[in-house]
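Here's the structure we're looking at; comments come further down.
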Amino acid sequence: MTPGPDSHTVAPPDSSPTVSRVLQLDPVIWFFVLGVAAGAARADLRLPAAIYEAVSTVLLLAIGLKGGVELARDTGGLPFAEFGGIMLLGFLLPLPAFALAHYVGRLERADAASLAAHYGSVSVGTFAVVIGYLGTRGIAFEARAPVWVVLLEVPAILAGIVLARGLSGDVRWSRLLRELFLGRSIVLLLGGLVIGWLAGPDGIGPLRPLFFDLFKGILALFLLEMGLIAAAQLPTLRRHGLFIVVFGVAVPLLFAVIGAALGRVLGLSAGGATVLATLAASASYIAAPAAIRTAVPEANPALSLTAALAITFPFNIVVGIPLYERLAVAFAG
Amino acid sequence: MEQFTRRLLTIVTEAVLERELVAEFEALGVRGYTITDARGQGGRGRRQSDWTQEGNIRIEIVCEPALAERIALKMRERYYEHYAMILFLQDVNVLRPDKF
């Protein structure tokens, strides 16, 4: 890393030229690469489903707790205008994604709407990576960032379903809404936030070793599993061709600009704008696939999941996040 | 030992459908079912069990033949078109007929 004139981070104390530093990759990203390589080579490596569940549960709780502890420190109150703006972003992001997929990509209405829902919604895994990225570099961001995840997860899925079905139709909205709002990422993030806020910086002490000190290690395991899952999508990728690759890279770039610009309008810190840009750029691979599969069954589930997992997730964590950080800094002017 | 004949309905389908199907079964009057994680390969490709998004489940219901028929019809009409699903029926012997 060469600190240029616009550098705003403190240079790392140890600047020995390790391979990782030369490639400017956070070491946890290599676990993702390992997972993809092992999966693609059909290596004898499979993490049991229970491990994935446990690892993602700890990650979500850790992110929530950390935000809650910070919120307890800062008694500034909650900015509801900001929350409204971010939620509106969630409803609006699917529109350009749908237009691109339906009119440019010539995808069926259901498939385009499904992609729009996935790309408008957010990926908690990507969020965990950007939190780790900013933490490693000592860049501060708003403690309430986990609330943004919660605000952005559901609206785009609803918008996607409306794009596919219209407002009438045979969607069982009440059950769908209950399942969406009681999804594990929302329950664990909000639960962690509340517990962290109640416990405060002192009360959280005994939980620190598991949730805070081990965060990067758990993130590494999570990314290893994500790599294996992404590799399993590669055969589908070959079937869907170039459009999905272009879409999976172009949409995050476009959405990151929108997210960073909104961060600027809302007066977020550069770190906060980086998080918001990354969230806008990320595509859901948990909440959206499950909801769309039951609400829009005629959409091809492999198409959206492959784009989100095999293209956009790797793109964001390897190339995107450092780019979005620069974007946010440039916007902050 | 006296034995009684009932129908065993086995459904193998996508894990994302679990909650919805359970609600269907309850509406149809099913009194009990067993669900296990499953993996395999079929018309819609290889399906892993290690991740809910892509996983399969195997549902077993032992009940009266008429009810098994109603469930099977409902599955065919509602889910066959868009979801990975197979089902099959067979006769089984049970010891406590009032339970099924």
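The values are calculated or read from the model by the stated rules, or taken from the named source; none is laboratory data. Predicted model, so just to flag it, every value in this text is computed and none were measured. We place every Cβ from the backbone using ideal geometry, glycine too, and count neighbours over all the protein chains shown.
Please find, within segment A:294-329, the residue that is nearest to A:F247 (Cα to Cα) out of those that are buried (at least 24 other Cβ atoms within 10 Å of the Cβ) and of a type in the set (S, T, N, Q). Top of the filtered list is A:T312. Just one of the listed residues (A:E179, A:E153) is surrounded by 22 or more Cβ atoms within 10 Å (Cβ to Cβ), among the charged types (D, E, K, R) and touching a residue at least 60 places away in the same chain (Cβ under 8 Å), namely A:E153. For segment A:265-302, the candidate set comprises residues that are among the hydrophobic types (A, V, I, L, M, F, W, C), touching an Asp or Glu at 6+ places or on another chain (Cβ under 7 Å) and not in a helix (DSSP H, G or I); within that set, the residue that is nearest to the other protein chains (Cβ to nearest Cβ) is A:A299.
Quick check: is even one residue across segment A:316-329 within 13 Å of chain B (Cβ to nearest Cβ), without any contact (Cβ under 8 Å) to a residue 40 or more places away in the chain and in a helix (DSSP H, G or I)? No, because not a single residue in segment A:316-329 is within 13 Å of chain B (Cβ to nearest Cβ), without any contact (Cβ under 8 Å) to a residue 40 or more places away in the chain and in a helix (DSSP H, G or I). Consider A:A250 carefully, then state whether it is among the small types (G, A, S) and either closer than 20 Å to A:E142 by Cβ or crowded, with 22+ Cβ neighbours inside 10 Å (or both). In short, no.
Does any residue of segment B:48-66 turn out to be free of Cβ contacts under 8 Å to residues at least 40 places away in the same chain, assigned to a helix (DSSP H, G or I), over 30 Å from A:L305 (Cα atoms) and not hydroxyl-bearing (S, T, Y)? Taking every residue of segment B:48-66 in turn, at least one turns out to be free of Cβ contacts under 8 Å to residues at least 40 places away in the same chain, assigned to a helix (DSSP H, G or I), over 30 Å from A:L305 (Cα atoms) and not hydroxyl-bearing (S, T, Y).
Per this entry, B:E81 is not counted among residues that are exposed (fewer than 13 other Cβ atoms within 10 Å of the Cβ), assigned to a loop (DSSP other than H, G, I, E, B) and more than 14 Å from chain A (Cβ to nearest Cβ). All conditions but one from (1) out of contact with any Gly (no Cβ under 7 Å at 6 or more places or on another chain); (2) surrounded by 17 or more Cβ atoms within 10 Å (Cβ to Cβ); (3) within 13 Å of another protein chain (Cβ to nearest Cβ); (4) modelled with pLDDT under 90 apply to A:P235; the one that does not is (2). In segment B:13-35, the qualifying residues are those that are assigned to a strand (DSSP E or B) and touching an Asp or Glu at 6+ places or on another chain (Cβ under 8 Å), and the one that is nearest to the other protein chains (Cβ to nearest Cβ) is B:I35. Residues of segment A:25-48 that are in contact (Cβ under 8 Å) with a residue 24 or more places away in the chain, more than 12 Å from chain B (Cβ to nearest Cβ) and surrounded by fewer than 18 Cβ atoms within 10 Å (Cβ to Cβ): A:L25, A:P27, A:V33, A:L34, A:A37, A:A38, A:A40.
Residue-by-condition table, conditions (1) buried (at least 17 other Cβ atoms within 10 Å of the Cβ); (2) within 14 Å of another protein chain (Cβ to nearest Cβ); (3) out of contact with any His (no Cβ under 8 Å at 6 or more places or on another chain):
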{"position": "A:R172", "(1), (2), (3)": "no, yes, yes"}
{"position": "A:S185", "(1), (2), (3)": "yes, yes, yes"}
{"position": "A:L193", "(1), (2), (3)": "yes, no, yes"}
{"position": "A:R208", "(1), (2), (3)": "no, no, yes"}
{"position": "A:L214", "(1), (2), (3)": "no, no, yes"}
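When the residues of segment A:23-36 are filtered to those that are outside any loop (DSSP other than H, G, I, E, B) and of a type outside the set (A, V, I, L, M), the one that is modelled with the lowest pLDDT is A:P27.
The rows are residues; the columns are (1) at pLDDT 85 or above; (2) farther than 30 Å from A:G205 by Cα.
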| position | (1), (2) |
| --- | --- |
| A:P13 | no, no |
| A:A38 | yes, yes |
| A:L60 | yes, no |
| A:G64 | yes, no |
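For B:T10, indicate whether it is among the hydroxyl-bearing types (S, T, Y), surrounded by 14 or more Cβ atoms within 10 Å (Cβ to Cβ) and either within 14 Å of chain A (Cβ to nearest Cβ) or out of contact with any helix residue (DSSP H, G or I) (no Cβ under 9 Å at 6 or more places or on another chain) (or both). Taking the combined requirement at face value, the residue satisfies it.
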